[in-house]
Amino acid sequence: MIDNKLVLGYIGNGKSANRYHIPFVLTRQNHFKIKKIFDIHVRHDIWKAIDGVEYCEDVNELLQDPDIDMIVICTTHHYHYNYAKMVLEAGKHCLVEKPFMENSKQAKEIFDLANQKGLYCSAYQNRRYDSDFLTVQKVIESGKLGDLLELEMHFDYYRPEVPENVREFDPAHSYLYGHGCHTLDQVISYFGKPDEIHYDVRQLLGDGRMNDYFDLDLYYGTLKVSVKSSYFRIKERPSFIVYGKKGMFVKATKDRQEEHLKLFYMPGHEDFGKDTPAHYGVLTYIDENGQYHEEKVPTVQGDYARVYDGIYDCIVNKQPQIITHEQTLLQMEILETGVQNLK
């Protein structure tokens, strides 16, 4: 550490590093310092060089740098296993983009190696800190819905050109892997391990084509949590719908952090990622006196930097790891089970 800051290196200098990681780390400069970024071919035509950061085209410059405490892997997930193994064997803490690995066997091996070395290792599950998901938690915990019966989570697109341009099926490049890793982690982090799972994972264009649809039902006693996504929804379904015995809550729009990041409107602006009242969810319920209520719920502020806050607290302040190995292994098992019968 330098000046009580964790020193970071990044593997990958593309969208993942420059959109979903580094802008948030730069809001936590009291706890983190970015020293080096590795890429096979360093270029700055899309993502500008960051002042004070060294760029290199030899990964060993990160692995052998005694100042670097943790390396963040921001590559496509076909490379996650090899890079994570290299990072841990070099004695560095490791944060890996999601999906964490290609299968649960790889994930278990990497976590076993991290435990053996006494190092931090986790997936970058930033969607735990989506504003819509945090708002749903706030509503559930208010008790106004009563006993929970059903929760629906939707992550929809209308991008038919994506599956139409894919001519072969790759389990680790399936839609379930690419987007189920967001929503499934939210479910697992809040509700834990389900009692039972029903899988409906499809290739809408036929066998041998991309997985472009999934609908998973996870059961927790009488509660059913449904995780649904499609590439062929010309109009998105609400981000969240929650039903209880006394009421319901609908959050129509997603967290806006990604929307702002895509516009290069970065963290640090006072209104970054914030909902306006037009984006607020609607809570409808019957109170203890039998009175009907319908009200807008101000959105809880999301912040992907909270993943890094948790890492700092774990490594430096010896607090429990928030994104646990067990949660990630469960997620990997669900992902690989979901696509195992596709061809």
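Would you check if there is a residue in the stretch 318-328 being surrounded by fewer than 18 Cβ atoms within 10 Å (Cβ to Cβ), modelled with pLDDT under 95, part of a loop (DSSP other than H, G, I, E, B) and hydroxyl-bearing (Ser, Thr, Tyr)? Break it down stepwise before answering.
Of the residues in the stretch 318-328, the ones surrounded by fewer than 18 Cβ atoms within 10 Å (Cβ to Cβ) are 318-322, 324, 326.
Next, only the ones that are modelled with pLDDT under 95 stay: none.
No, the stretch 318-328 contains no residue that is surrounded by fewer than 18 Cβ atoms within 10 Å (Cβ to Cβ), modelled with pLDDT under 95, part of a loop (DSSP other than H, G, I, E, B) and hydroxyl-bearing (Ser, Thr, Tyr).
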*Could you please give the count of residues in the stretch 7-25 that are over 15 Å from Phe264 (Cβ atoms), out of contact with any helix residue (DSSP H, G or I) (no Cβ under 9 Å at 6 or more places or on another chain) and buried (at least 22 other Cβ atoms within 10 Å of the Cβ)?*
1
_Looking only at the stretch 210-224, count every residue that is crowded, with 18+ Cβ neighbours inside 10 Å and either charged (D, E, K, R) or under 18 Å from the mean Cα position of the chain (by Cα) (or both) and tell me the total._
4
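Could you list all residues from the stretch 242-300 that are among the basic types (Lys, Arg) and not in a loop (DSSP other than H, G, I, E, B)?
From the stretch 242-300, those among the basic types (Lys, Arg) are 245-246, 251, 254, 256, 262, 274, 296; that's our starting set.
Lys251, Lys262, Lys296, listed by residue number.
For (1) within 13 Å of Tyr10 (Cα to Cα); (2) within 26 Å of the chain's Cα centre (by Cα); (3) among the aliphatic types (A, V, I, L, M), each residue gets a yes or a no:
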site	(1), (2), (3)
His31	no, yes, no
Ile50	yes, yes, yes
Val53	yes, yes, yes
Asp69	yes, yes, no
Val72	yes, yes, yes
His78	no, yes, no
Asn82	no, yes, no
*Considering Asp58, Asp51, Asp45, Asp67, which residue is surrounded by fewer than 15 Cβ atoms within 10 Å (Cβ to Cβ), in the same structural domain as Leu113 (by TED's automatic domain parsing) and in contact (Cβ under 8 Å) with a residue 60 or more places away in the chain?*
Asp67
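From the list Asp195, Asp217, Asp200, Asp212, pick out the single residue that is touching a His at 6+ places or on another chain (Cβ under 8 Å) and either free of Cβ contacts under 8 Å to residues at least 60 places away in the same chain or not assigned by TED's automatic domain parsing to the domain that holds Asp255 (or both).
Values: Asp195 fails: touching a His at 6+ places or on another chain (Cβ under 8 Å); Asp200 fails: touching a His at 6+ places or on another chain (Cβ under 8 Å); Asp212 fails: touching a His at 6+ places or on another chain (Cβ under 8 Å).
From the options Asp195, Asp217, Asp200, Asp212, the qualifying one is Asp217.
The values are calculated or read from the model by the stated rules, or taken from the named source; none is laboratory data. Source: prediction; values computed, not measured. Quick reminder, even Gly has a Cβ in these numbers, built from the backbone with ideal geometry, and neighbours come from all protein chains shown.
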